[in-house]
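The values are calculated or read from the model by the stated rules, or taken from the named source; none is laboratory data. Computed from a prediction, not measured in an experiment: that's the story for all the values here. Here the Cβ positions follow ideal geometry from the backbone for every residue, glycine too, while neighbour counts run over all protein chains shown. In case anyone asks, the SASA skips ligands and DNA or RNA and just uses the protein heavy atoms, side chains included. Shrake-Rupley method; radii C 1.70, N 1.55, O 1.52, S 1.80 Å.
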Amino acid sequence: MKTVDSFNFSGKKALIRVDFNVPLNDKYEITDDTRLKAVIPTVNKILKDGGSAILMSHLGRPKGGYEEKYSLKHLLAYLNKTFNITVKFATDCIGADAEKLAADLKAGEILLLENLRFYKEEEKGDEVFAQKLSKLGNVYVNDAFGTAHRAHASTAIIAKFFNDRVCGYVMQAELDNANKILEKADKPFTAIMGGAKISDKILIIERLLDKVDNLIIGGGMSYTFAKALGGNIGTSLLEADKVELAKTLIEKAKSKGVNLILPIDTVVADKFDNNAATQIAPNRNIPDGWMGLDIGPESQRSFSEVIDKSKTLLWNGPMGVFEMPSFEKGTVAVAKAVVNATKKGGFSLIGGGDSAAAINNLGFGDDVSYVSTGGGALLEYMEGKVLPGVAALQ
């Protein structure tokens, strides 16, 4: 795979697939710029070499056709300030206007294309659409790891129209860090899995059971494990059809000598509401009519003790409904424990999505080893699946 460092972009027009799928508030202001900051080094290297950069991305999930709230023009002020130049903007990602702007682009200049997903052809992986996009540049760079698990026109299909296909710094760092966890993890290796559903994490959990020393389970999925162990979970989240699977995973962990750590206690509420009445209950004895929405103080302590002794940490998924302040303490406690273990020389990979949001919102982004920009893509890569966006660069 060609990397940005191994390629000279002098005189080249680099068509770069970036991941600018960032959250905007109702005033179209960026509320989390993690993904925007991540791509700066790749663009700077191209410009420094004497090349120009044409940026293409999706934003949100438009229904087909232009939607004001999903226009990438809302990112222009941020990009102008970041790169200290006036970034040009194409009101369409294909067609005569985009082609003219790209053709006129000089070395050191940047062009941003309008949202790729205003065309249904993008997600369908349409070859004709991919070929139209490919006309805009003479070297293809993919730096959008977060979409690498999708065989979309701009992430995979487009590569076939280029002789020069280059892996951006974000993509390279994501793969390097995932491989470090999978192949070269220092022991003890602890994986922390949270989130709502076991079904989303089955494959990664099964693969990790061959690699980790400790597997911590929190979040909504922990109640299915509690049920599998014969517990009463009240009205907590339950995947009834996954109870047998949870039993199997518990047995697998035992047979492989993996220390499976489940919550001891839980913060329960009488309704799904930040202002609900709450109490602490044993994780396997939740009163009828109450639901678990966060791990309790004993669980926070036991999880933190294991994390503290770890040399390698992988964290994917929150410990509770952390978007509600009343149920964020478990996620905060785990984040602090991961930061402390990292400060003591451990290696920590935060697996995108909600975990990345939690770490960044708490201001700990620089205190862990690596925060992944791609939740789903990272999980699929670690499950051993081939990512179309990565395969297209090889």
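Can you put Met221, Met291 in order of accessible area, largest first, using a 1.4 Å probe?
Reading off the accessible areas and sorting them downward yields Met291, Met221.
With loop defined by DSSP as not H, G, I, E or B, and exposure as at most 11 other Cβ atoms within 10 Å, which is the longest segment of the chain clear of exposed trypsin sites (Lys or Arg not before Pro)?
Of all site-free stretches, the longest is 185-343.
At a probe radius of 1.4 Å, what is the per-residue accessible area of Phe118, in Å² to the nearest 10?
Phe118 exposes around 30 Å² with every protein chain in place.
Would you compute, from DSSP H runs of 4+ residues alone, the mean residue ellipticity of the chain at 222 nm, taking -39500 (n - 2.57) per run and dividing by the full residue count, rounded to the nearest 500?
Value at 222 nm, helices only: -9500 deg cm²/dmol.
Can you tell me which lysines have their Cα less than 16 Å from the Cα of Lys48? Leave out same-chain residues fewer than eight positions away.
Result set, ordered by chain and number: Lys12, Lys13, Lys106.
When only the heavy atoms of the protein chains count and the probe is 1.4 Å, how do Ile40, Ile286 rank by accessible area, highest first? Provide the component values of the computation, followed by the final result.
On the way: Ile40 40, Ile286 0 Å².
The ordering from most to least exposed comes out as Ile40, Ile286.
Taking a point 7 angstrom from the Cα of Glu305 along the C-beta vector, which residues in the stretch 230-263 have backbone N less than 13 Å away?
Label zone hits: 261-262.
How much accessible surface does Val170 have with a 1.4 Å probe, in Å² rounded to 10?
Per-residue accessible area (Val170): approximately 10 Å².
To test your reading of the geometry: what angle, between 0 and 90 degrees and rounded to tens, separates the Cα axis of helix 297-308 from the longest principal axis of the chain?
Rounded to the nearest ten degrees, it is 60.
Ignoring everything but the protein chains, give the 1.4 Å probe accessible area of Glu29 in square angstrom, nearest 10.
90 Å²
So which lysines can Lys336 reach, going by Cα to Cα under 21 Å and dropping same-chain residues fewer than 8 places off?
The qualifying lysines are Lys187, Lys309, Lys311, Lys344.
Based only on Cα atoms, what Rg/Rh ratio does the chain have, Rh being taken as Kirkwood's radius?
1.02
Rounded, prolate or oblate: which one fits the stretch 237-357, using the alpha carbon gyration tensor with axes a ≥ b ≥ c (rounded when a/c is under 1.5, else prolate when a/b beats b/c, else oblate)? Walk me through the numbers before you get to the answer.
On the way: a/c = 1.88, a/b = 1.23, b/c = 1.53.
Cα axes put the stretch 237-357 in the oblate bin.
Got a sec? What order do Ile205, Ile85 fall in by accessible area at 1.4 Å, biggest, i.e. largest, first?
Ile85, Ile205
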